[in-house]
Amino acid sequence: MNVQQQLLDKIAAKEARVAIIGLGYVGLPLAVAFGEAGFSTTGVDIDEGKVRDLNAGTSYIEDVPSLHISRLVADGRLWATTDYASLDHCDVVCICVPTPLRKTRAPDISYVVHAAEAIAAHLRPGMLVVLESTTFPGTTREIILPRCSRASGGLTVGKDFFLCFSPERVDPGRTDFTTKNTPKVMGGVTKACLNAGQALYEAVIDRIVPVSSPEAAEMTKLLENTFRAVNIGLANEVLLICDKLGLNAWEVIEAAATKPFGFMKFLPGPGLGGHCIPVDPQYLSWKMRTLGYTARFIELATDVNRAMPAYWVRKVQEALNSVGKAVRGSRVLVIGVAYKRNVSDLREAPALDIMALLTDLGARISYHDSHVPAFTHEDLSLSSVNDLWAAVCDADCVLITADHSGYDWEAIHQRARIVVDTRATVKPFTLS
Ligand SMILES: NC(=O)c1ccc[n+]([C@@H]2O[C@H](COP(=O)([O-])OP(=O)(O)OC[C@H]3O[C@@H](n4cnc5c(N)ncnc54)[C@H](O)[C@@H]3O)[C@@H](O)[C@H]2O)c1
């Protein structure tokens, strides 16, 4: 029997042993999903703290309850390690390592390269490798494939080992769409690769969407997040336009959204945040620059979105000015520093940029965030205020940057002296 059939048989019998490289927002839920589907699952991470937590049955990701992990750990279906040698016992390796930007805003694929090299050192005939990290078209074929092909003295893709790209689409904080019921796009380097990848993921995920190549799958993910970044950029520009016209952007957008076809609602806000939307389009833009093409929509949306923190700082300045106060020395309470509602993730959170700008102007900043008890970011190191209502009443200006549930926004608007609300938490328009 050839190695492909052996792999397919193991997958069908749930005897394939799965390794997840990178146990973060993407890797941990995926590891739990494979464990819950009945696969023996090993998590590999360079972060000893995460490995220790997982083996103790403790979750460090809000969307994954500790109980789900501890049950799997107790049943022996999930464990974690920092040692890549554990891949010697695995049949499948899914790569979920970070793909951030460098300071120059060029892609930093060093984590993917490191993971690929470490996997190659343990690759043997019959293994399936799936890259899940978001990246530019060509990464699977140009970065992973050559390293894996050189393994074990030379292996042929599609015959000796199998390689796919399948982007993760998880939306942190969301409960209606999870790893299991979000359709999963998948492209294989060969047909045999796709067959193996599809067989595995069909055991865990309700619907697989096969595409013709890893590049098509890589591009699909970038299109999805570029679509969001560009539309958020448009919504932010609508805010700037409405501001100049003396109109309320939220009123206009909500009214437009009543059209039952041909309009999709995106809202303005403090700017882009999170690991994906501010970052992923830059991967595509960078790739296109290497081909001598400027991805104009991405560049324009980036300009608009990155200017939003400064816009909101101007709004705070104007609001304080209207009551005869300068920013310097004023107490500004920021509510919600996470990049979006109901998460604790501070990566690229625009509130951090806004707080830094206000601090530079001499404002006395404090914050409240029910999901973020304390944080350190560059020169800023703060703890969430204990008494929200005292802080609201004490502040010269309350600035709302994340609209977490659990806050009484009406009351905050009523009790604060001035509110600058980047999320329109309270319907801001009334008919007179
Ligand atoms: N967070 C999201 O919502 C989301 C959604 C879809 C796609 N993605 C993509 O998924 C990928 C992972 O994102 P994330 O949010 O899970 O990142 P994360 O930072 O939460 O987790 C990545 C993990 O990889 C580990 N790691 C780094 N290098 C490693 C190595 N060489 N070997 C083993 N472990 C290593 C880190 O310690 C960390 O625990 C990125 O490409 C991201 O763009 C993220």
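The values are calculated or read from the model by the stated rules, or taken from the named source; none is laboratory data. Source: prediction; values computed, not measured. Please note: Cβ atoms are built from the backbone with ideal geometry, for glycine as well, and neighbour counts cover all protein chains shown.
Results, tabulated for the structure shown:
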read-out: Boolean, ASP91 is free of Cβ contacts under 8 Å to residues at least 40 places away in the same chain and in the same structural domain as LYS159 (by TED's automatic domain parsing); value: no
read-out: Filtered residues of region 88-109 (kept if in contact with a Leu (Cβ under 9 Å, 6 or more places away or on another chain), closer than 22 Å to ALA12 by Cβ and within 14 Å of the ligand (Cβ to nearest atom)); value: VAL93, CYS94
read-out: Number of the exception - LEU23 against (1) touching a His at 6+ places or on another chain (Cβ under 8 Å); (2) closer than 24 Å to ASP206 by Cα; value: (1)
read-out: Condition broken by THR179, with the remaining ones in (1) modelled with pLDDT under 95; (2) surrounded by fewer than 17 Cβ atoms within 10 Å (Cβ to Cβ) satisfied; value: (2)
read-out: Filter pass, THR81 being within 11 Å of the ligand (Cβ to nearest atom) and assigned by TED's automatic domain parsing to the domain that holds LEU23; value: yes
read-out: Contacts under 6 angstrom Cβ, first residue in region 13-39 being β-branched (Val, Ile, Thr), partner within 14 Å of the ligand (Cβ to nearest atom) and in a strand (DSSP E or B), 6 or more apart; value: ILE20/GLY43; ILE20/CYS94; ILE21/VAL44; ILE21/ILE95
read-out: Long-range neighbours under 6 Å by Cβ, at least six apart or interchain, first residue under 14 Å from THR401 (Cβ atoms) within region 293-320, second part of a helix (DSSP H, G or I) and polar (S, T, N, Q); value: MET308/ASN236
read-out: Output for region 53-64, where each listed residue is charged (D, E, K, R) and outside any loop (DSSP other than H, G, I, E, B); value: ASP53
read-out: Identity of the residue in region 181-228, among the basic types (Lys, Arg) and either farther than 16 Å from CYS96 by Cβ or out of contact with any Asp or Glu (no Cβ under 8 Å at 6 or more places or on another chain) (or both), that ends up farthest from the ligand (Cβ to nearest atom); value: LYS191
read-out: The one condition in (1) on the phi > 0 side of the Ramachandran plot; (2) touching a Pro at 6+ places or on another chain (Cβ under 8 Å) that VAL279 fails to fulfil; value: (1)
read-out: Of residues in region 31-52 being among the aliphatic types (A, V, I, L, M), buried (at least 24 other Cβ atoms within 10 Å of the Cβ) and part of a helix (DSSP H, G or I), the one farthest from the ligand (Cβ to nearest atom); value: VAL32
read-out: Matching residues, region 1-24, being within 26 Å of the chain's Cα centre (by Cα) and crowded, with 24+ Cβ neighbours inside 10 Å; value: VAL18, ALA19, ILE20, ILE21, GLY22, LEU23
read-out: Single residue of SER110, SER149, SER166 found to be under 17 Å from GLY188 (Cβ atoms) and free of Cβ contacts under 8 Å to residues at least 24 places away in the same chain; value: SER149
